[in-house]
Amino acid sequence: MLNYGRDAVELLGARTLVEFRSDKRTQYAVIRCLEVFGEAAARVSPATRSRFPELEWRSVVGLRNVLI
């Protein structure tokens, strides 16, 4: 999960929203990273989730569902 999150951030770099919207290749790459991140989040055990209560697990999984 961490790698895909980092990859998404790296792909975005310092792009503005306007730049991001005009760059389809980056859009597809970032969306794919977020899909995989969300899919992995859906498979995290309840015990592990409880160790990271600051993460909004439902939101992460929900975003994945919206993207797909």
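Taken together, the values in this text are just the output of simple stated rules run on the coordinates, not laboratory data. Just so it is clear, the structure is predicted and the values come from calculations on it, not from any experiment. We place every Cβ from the backbone using ideal geometry, glycine too, and count neighbours over all the protein chains shown.
For every residue, the table says whether it meets (1) out of contact with any His (no Cβ under 9 Å at 6 or more places or on another chain); (2) touching a residue at least 40 places away in the same chain (Cβ under 8 Å); (3) among the small types (Gly, Ala, Ser).
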site: Gly13; (1), (2), (3): yes, no, yes
site: Leu17; (1), (2), (3): yes, no, no
site: Arg32; (1), (2), (3): yes, no, no
site: Glu35; (1), (2), (3): yes, no, no
site: Ala41; (1), (2), (3): yes, yes, yes
site: Ser50; (1), (2), (3): yes, no, yes
site: Arg58; (1), (2), (3): yes, no, no
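For the range 4-68, the helices (runs of 4 or more DSSP H) that sit wholly inside it and include 1 or more residues that are among the polar types (S, T, N, Q) are 24-42, 46-51, 57-67. For the range 32-59, the set of residues classified as more than 11 Å from Tyr4 (Cβ to Cβ) and of a type in the set (A, V, I, L, M) consists of Ala42, Val44, Ala47, Leu55, listed by residue number. The lone criterion from (1) in contact with a helix residue (DSSP H, G or I) (Cβ under 7 Å, 6 or more places away or on another chain); (2) surrounded by fewer than 16 Cβ atoms within 10 Å (Cβ to Cβ) left unmet by Cys33 is number (2). Say we look at the range 1-19 and pick out the residues that are farther than 24 Å from Leu55 by Cβ and surrounded by 11 or more Cβ atoms within 10 Å (Cβ to Cβ); which of these is farthest from the chain's Cα centre (by Cα)? Among residues in the range 1-19 that are farther than 24 Å from Leu55 by Cβ and surrounded by 11 or more Cβ atoms within 10 Å (Cβ to Cβ), the one farthest from the chain's Cα centre (by Cα) is Glu19. The set of residues from the range 43-68 being of a type in the set (A, V, I, L, M) and out of contact with any Gly (no Cβ under 8 Å at 6 or more places or on another chain) comprises Val44, Ala47, Leu55, Val66, Ile68.
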